[in-house]
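Below you'll find the structure, written out as structure tokens, and then a few comments.
The values are calculated or read from the model by the stated rules, or taken from the named source; none is laboratory data. Just so we're clear, the structure is a prediction, and the values are computed from it rather than from any experiment. Positions of Cβ are generated from backbone atoms using ideal geometry, with glycine treated the same way; all protein chains shown enter the neighbour counts. For accessibility, only protein heavy atoms count, side chains too; no ligands or nucleic acids. Shrake-Rupley method; radii C 1.70, N 1.55, O 1.52, S 1.80 Å.
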Amino acid sequence: MSQSAFWLILLCTAAYGVLHSALAAERVKAFIQQRVSTRAYSSYRLAYNLVAGVTLLPLAALVLLLPDRTVYRIPAPWVFLTLALQAAALLCLFLAFRQSHPGEFLGVQQVGLTPRQSENTTLMTAGFYRLCRHPLYFFGLLLIWLFPIMTWNLLALFLGFTLYILIGSRLEERRLVHEYGEEYRAYMRTTPWLIPNPLQLLRK
């Protein structure tokens, strides 16, 4: 039973990724923008994030309720090291989120603005963004893959999320190139994609 649960969770996580990648696509946003008022469209990112949160609940239910088996447990004393690294990753994730203009990231700041006004944003290249172009994704991946107990259900969920992040970050970069042009291309040439390079701190 746990094997069928693994594939079901992996499939549902892939569907989650496809849905949210589609909703973030420029064509879909342009289609919606043409069919709703400017005021309504200003809430699109906020609605997108709410949908992302709500549709995550069925995935969590599958992981918790479907039959499951343990793949591995990290034994002591190594588990204390992984827990410490998880805590550090969680702290860095929080700090990187604070640096990413939380109101804009969540979509709250854009509510009531025109599309032109909401596009007037500055490319973030300081702080954690000096180490890699997607620090939120990096610390998020560290957090999930350092779990001290891995089950088949969690493994399916984490594999699905990892694939979603790898593909989604590339799709996101297409949008950023379109939005910032040569400024983002120059940033791509000097800053790693996902795996941080501490030497970047010495070069700038």
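Annotations
- From phi via Karplus (6.51, -1.76, 1.60), per-residue ³J(HN,Hα) for the stretch 140-145 in Hz, x at Gly/Pro: x, 5, 4, 4, 6, 7
- Computed magnitude of the charge dipole of the stretch 1-114 (debye, nearest 20; Cβ of K, R +1, Cβ of D, E -1): 180 debye
- Taking the C-alpha atoms of the stretch 1-116, convex hull volume expressed per residue in Å³: 128 Å³
- Cβ-placed point charges (K, R +1; D, E -1), dipole of the chain about Cα centre in debye, nearest 20: 260 debye
- Approximate shape of the chain as ellipsoid semi-axes (Cα gyration tensor, √5λ), whole Å, largest first: 32, 24, 14
- Ranking N49, P77, G17 by Cα position along the charge dipole of the stretch 1-107, where only Lys, Arg, Asp and Glu carry charges on their C-beta atoms, puts N49 farthest toward the positive end.
- Rounded to the nearest 10 degrees, the inclination of helix 152-180 to the longest alpha-carbon principal axis of the chain is 20 degrees.
- L143 exposes around 40 Å² of accessible area when a 1.4 Å probe is run over every protein chain in place.
- Only helical runs count toward this figure. For the chain, summing -39,500 (n - 2.57) over DSSP H runs of n ≥ 4 and dividing by all residues gives -22000 deg cm²/dmol at 222 nm.
- In the context of the full set of protein chains, residues of the chain present 61 Å² of accessible surface per residue (probe radius 1.4 Å, heavy atoms only).
- In order through the stretch 103-111: 3J(HN,Hα) via Karplus (6.51 cos²θ - 1.76 cosθ + 1.60), integer Hz, x for Gly, Pro: x, 6, 4, 7, x, 5, 5, 7, 4
- Cut-off under 5 Å, modelled amide H: who pairs with S43 long-range: G112
- Rounded to 10°, Cα long-axis angle of helix 78-99 versus longest principal axis of the chain: 10 degrees
- Once you divide the Cα radius of gyration of the stretch 65-175 by 2.2 N^0.38 Å, the number left is 1.33.
- Of the trypsin sites (Lys or Arg not before Pro) found in the stretch 23-96, the ones in coil according to DSSP and having at most 13 other Cβ atoms within 10 Å of their Cβ are R69.
- Amide H to amide H distances under 5 Å link V71 with M150, T151, W152, where only residues 5 or more positions off or on other chains count and H is placed in the peptide plane.
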